[in-house]
């Protein structure tokens with residue numbers, strides 16, 4: 001046979017042998033690479049869910065507690081996002097924590113807290129309604145190590161069948177949350193929700209004393 005034939009066969013055998021050898025090397029190497037990639041994958045952290053806790057009922061004189069509490073909030077507070085601002089970086093921008101959320105929207109949580117605190121142990125109710133407009137419910141970071149929680153709400157004392165307010169008052173509450181974390185912010189929110197309940201009860205007491213005939217005087221609440 002021609003010499004060229006044997007040379008071609010020899011080159012073919014060498015090529016097949018080299019390819020087989022490379023496959024033997026690449027297979028374990030590929031396995032190591034895949035194992036390394038799997039090691040780099042970090043499982044996402046579970047989202048922490050928070051609420052405002054169970055507040056104690058506040059004692060009120062007979063007839064001062066409203067027949068019901070109606071809480072209204074703007075659309076941006078009708079989600080379970082836990083919102084915050086950074087005073088040093090675009091302070092007008094509202095942001096939301098990725099790994100921390102409320103179990104329900106803030107207006108629902110606050111309404112539940114107010115109902116329990118003001119209506120919980122006061123069965124003898126007034127005919128008037130208490131309407132709360134929630135304007136702000138946010139944690140503000142002044143720096144990376146300093147933060148505060150703010151709640152702003154407007155209260156209106158309304159007759160049973162009319163939206164013409166007999167009295168109005170704005171409430172602005174703030175409390176430092178230290179250390180500056182979402183979890184510590186929740187503790188501050190819980191404290192402020194209690195403070196708001198106490199401030200509302202105090203205001204209703206002032207209205208009752210200031211009217212001369214009590215909050216039900218001149219049957220205004222039955223209008």
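Assorted remarks:
- Counting only strands (runs of 3 or more DSSP E) that sit wholly inside region 41-98, those with at least 3 residues that are within 18 Å of residue 155 (Cβ to Cβ) are 68-72.
- Subset of region 200-212 [surrounded by 15 or more Cβ atoms within 10 Å (Cβ to Cβ) and without any contact (Cβ under 8 Å) to a residue 60 or more places away in the chain]: 203, 207, 211
- Residues that are in a loop (DSSP other than H, G, I, E, B) and either touching a helix residue (DSSP H, G or I) at 6+ places or on another chain (Cβ under 9 Å) or closer than 24 Å to residue 75 by Cα (or both) within region 137-163 comprise 159, 160, 161, 163, listed in sequence order.
- When each of 202, 150, 198, 183 is tested for being at pLDDT 90 or above, touching a strand residue (DSSP E or B) at 6+ places or on another chain (Cβ under 6 Å) and in the same structural domain as residue 136 (by TED's automatic domain parsing), the lone residue that passes is 150.
- Residue in region 209-218 that is in the same structural domain as residue 101 (by TED's automatic domain parsing) and either under 26 Å from residue 78 (Cα atoms) or in a strand (DSSP E or B) (or both) present: no
- Matching entry among 119, 109, 134 (being touching a helix residue (DSSP H, G or I) at 6+ places or on another chain (Cβ under 7 Å) and on the phi < 0 side of the Ramachandran plot): 134
- Boolean, residue 103 is over 24 Å from residue 167 (Cα atoms) and surrounded by fewer than 16 Cβ atoms within 10 Å (Cβ to Cβ): yes
- Among the conditions (1) in contact with a helix residue (DSSP H, G or I) (Cβ under 6 Å, 6 or more places away or on another chain); (2) in a loop (DSSP other than H, G, I, E, B); (3) at pLDDT 85 or above, the only one that residue 178 does not satisfy is (1).
Conditions (1) surrounded by fewer than 13 Cβ atoms within 10 Å (Cβ to Cβ); (2) over 20 Å from residue 198 (Cβ atoms); (3) more than 21 Å from the chain's Cα centre (by Cα), marked per residue:
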| site | (1), (2), (3) |
| --- | --- |
| 49 | yes, yes, no |
| 53 | no, no, no |
| 75 | yes, yes, no |
| 85 | no, yes, no |
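- Taken over region 122-172, residues that are over 29 Å from residue 186 (Cα atoms), in contact (Cβ under 8 Å) with a residue 60 or more places away in the chain and surrounded by fewer than 20 Cβ atoms within 10 Å (Cβ to Cβ) amount to 7.
- Tally of residues being buried (at least 17 other Cβ atoms within 10 Å of the Cβ) and in contact (Cβ under 8 Å) with a residue 40 or more places away in the chain across region 173-193: 8
The values are calculated or read from the model by the stated rules, or taken from the named source; none is laboratory data. Values in this document were obtained by computation on a predicted structure and should not be read as measured data. Counting neighbours? That spans all protein chains shown, and the Cβs are built from the backbone with ideal geometry, glycine included.
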